[in-house]
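To start, the structure itself, in structure tokens.
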Amino acid sequence: MTKRSAVEASTEERTAQKGRTWATRPNVLVCGTPGTGKTEMSAAIARKVKMQHLNVGDLAARLDAYDGWDEDRQCHILNEDRVLDEMEILVSKGGCVVDYHACDFFPERWFDLVLVLRATTEVLFDRLTARNYAHAKIQENLQCEIMQVLLDEARDNYPEPVVVEVQNNTRLDFDSTIDRVVRWHDQWLRDHAPPSST
Ligand SMILES: Nc1ncnc2c1ncn2[C@@H]1O[C@H](COP(=O)(O)OP(=O)(O)OP(=O)(O)O)[C@@H](O)[C@H]1O
Ligand SMILES: [Mg+2]
């Protein structure tokens, strides 16, 4: 599987969408700059609506799915094909909350909701500092958040109604997003319920 933009893949993906095998459960992607709270949010969503939390970073580590080391960014280079192949089996069943900072290498058809978590510079600075990240890494991530790189990436790769941007600075923000996702999930199930036989 190779990286394709939503536009390039539209014909093929729309055809595939008709044959979705996971129509009984939706899939959610939680993305955003490191430190915006994806893992905590994904775990809470998974608990609340009984979905499977798929942390892509953890999955890659477990599979050792890397194509080397990025010296500039001081991180592994993900073997995207390897990760996507492994995920396909799980995602095709539906009911997955996928937790990863980026969103552009997943097939568009996989997700019914792409949640982009946002945080203010002050909040993100404190969270990344608490992790003892190097100054350059903190600055790079703050810049990424200020320039809304992940939000633009989501908007470029998924249909407009699928992408939802939410602030995740406070516990109040967190709880309100969880409530919103639970309502969205319940509505999705109602909208996709099999027609009654009566
Ligand atoms: N809404 C929130 N209010 C306050 N603190 C939060 C909130 N959401 C997450 N946090 C805290 O922010 C920190 C980062 O959260 P988390 O590890 O979930 O981020 P992440 O986006 O998964 O980061 P990474 O991309 O590095 O995996 C944690 O200490 C977490 O407890
Ligand atoms: Mg995380």
Taking only Cα atoms and a 10 Å spring cutoff, compute GNM fluctuations for the chain and point out the largest among Gln139, Gln74, Gln167.
-> Gln74
Built amide H within the under 5 Å cut-off of Cys75, gap 5+ = Asp70
Could you list log10 I(q)/I(0) for the chain at q = 0.11 Å⁻¹, which the Debye formula gives when each Cα is one point scatterer?
-> -0.52
Of Leu59, Leu29, Leu124, which has the largest mean-square fluctuation in a 10 Å C-alpha GNM of the chain?
-> Leu59
For the stretch 105-112, what does the Karplus curve 6.51 cos²θ - 1.76 cosθ + 1.60, with θ = phi - 60°, yield as ³J(HN,Hα) per residue in whole Hz, taken in order and with x for Gly and Pro?
-> 9, 8, x, 4, 5, 5, 10, 9
Which of Leu113, Leu63 has the fewest Cβ neighbours within 10 Å, and the rest in rising order = Leu63, Leu113
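Hey, what did the stretch 21-138 get for relative contact order, percent, Cα under 8 Å, at least 6 apart?
44
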The chain: relative contact order from alpha carbon pairs under 8 Å, six or more residues apart, as a whole percent, is 32
Give, rounded to the nearest 20 debye, the magnitude of the charge dipole that the chain has about its Cα centre when Lys and Arg contribute +1 at Cβ and Asp and Glu contribute -1 at Cβ.
-> 900
Taking only DSSP H segments of four or more residues, each worth -39500 (n - 2.57), what value at 222 nm results for the chain once the sum is divided by all its residues, to the nearest 500 deg cm²/dmol?
-> -14500 deg cm²/dmol
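Computed from the coordinates by the stated procedures, all read-outs in this text should not be read as laboratory data. What you are looking at is a predicted structure, and each value in this text was computed from that prediction instead of being measured. Note that we place each Cβ from the backbone using ideal geometry, even for glycine, and neighbour counts take in every protein chain shown.
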